[in-house]
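**Q** To start, I am sharing the structure in question, which I have written as structure tokens.
The values are calculated or read from the model by the stated rules, or taken from the named source; none is laboratory data. Since the model is a prediction, treat every value here as computed from it, not as a measurement. We place every Cβ from the backbone using ideal geometry, glycine too, and count neighbours over all the protein chains shown. Remember, those area values only see protein heavy atoms, side chains included, never the ligands or the DNA or RNA. Shrake-Rupley method; radii C 1.70, N 1.55, O 1.52, S 1.80 Å.
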Amino acid sequence: MLTAIVTKKSVKYVQKNLHSITFNLSLSEGGTEVLKQDFSCEYRAGENPAQKDSEIKEKIQEAIDRYKTEQQIFNSAALDNAVNNIAGGISL
């Protein structure tokens, strides 16, 4: 089972009235961290930081979806068969 924890990491001054907000994703599977990644967005003076929700959620969801796709391939019988075929074809 996947567990995601999102935290605020930093706010950095870029230029007058412009900052960069960085969030961190820690994705765990079965209690083991499998992905740790930062996601940033621009924040202009006067904006509500909550307005950045959808932008960051989309970036985080893409990262989670990529991880899940990678795991489907990694855990597939086809990849296991490829490993066995490669190992069986090596002359020592």
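**Q** Might you tell me the accessible area per residue for the chain, computed with a 1.4 Å probe and given in Å²?
**A** Using a 1.4 Å probe on heavy atoms only, each residue of the chain averages 75 Å².
**Q** Next question. Compute and list, largest first, the equivalent-ellipsoid semi-axes of the stretch 1-50 from the alpha carbon gyration tensor, each √(5λ) rounded to a whole angstrom.
**A** Three semi-axes, in Å: 29, 10, 6.
**Q** Which percent of Cα-Cα pairs in the stretch 40-92 sits in each 10 Å bin, short to long?
**A** Computed distribution, short to long bins: 20, 25, 19, 16, 12, 7, 2.
**Q** Further, regarding this structure: Roughly how many whole Å is it from the C-alpha centroid of the stretch 1-27 to that of the stretch 53-92?
**A** Distance between centres, Cα-based: 27 Å.
**Q** Moving on. Determine the share of the chain's accessible area contributed by carbon and sulfur atoms, expressed in whole percent, with a 1.4 angstrom probe.
**A** 53 percent
**Q** Can you give the helix-only mean residue ellipticity at 222 nm for the chain, where every DSSP H stretch with n ≥ 4 adds -39500 (n - 2.57) and the sum goes over all residues, rounded to the nearest 500 deg cm²/dmol?
**A** -12500 deg cm²/dmol
**Q** Additional query: Please find the FRET efficiency linking Thr32 to Ser54, where r is the Cβ-Cβ separation and R0 is fixed at 41 Å, and quote it to the nearest 0.05.
**A** Calculated value: 0.90.
**Q** Sticking with this structure for a sec: Can you quote the Å³ per residue value for the convex hull of the Cα atoms in the chain, rounded to an integer?
**A** 138 Å³
**Q** For the chain, what is the charge dipole size about the Cα centre, in debye to the nearest 20, if Lys and Arg each add +1 at the Cβ and Asp and Glu each add -1 at the Cβ?
**A** Here the chain has a charge dipole of around 440 debye.
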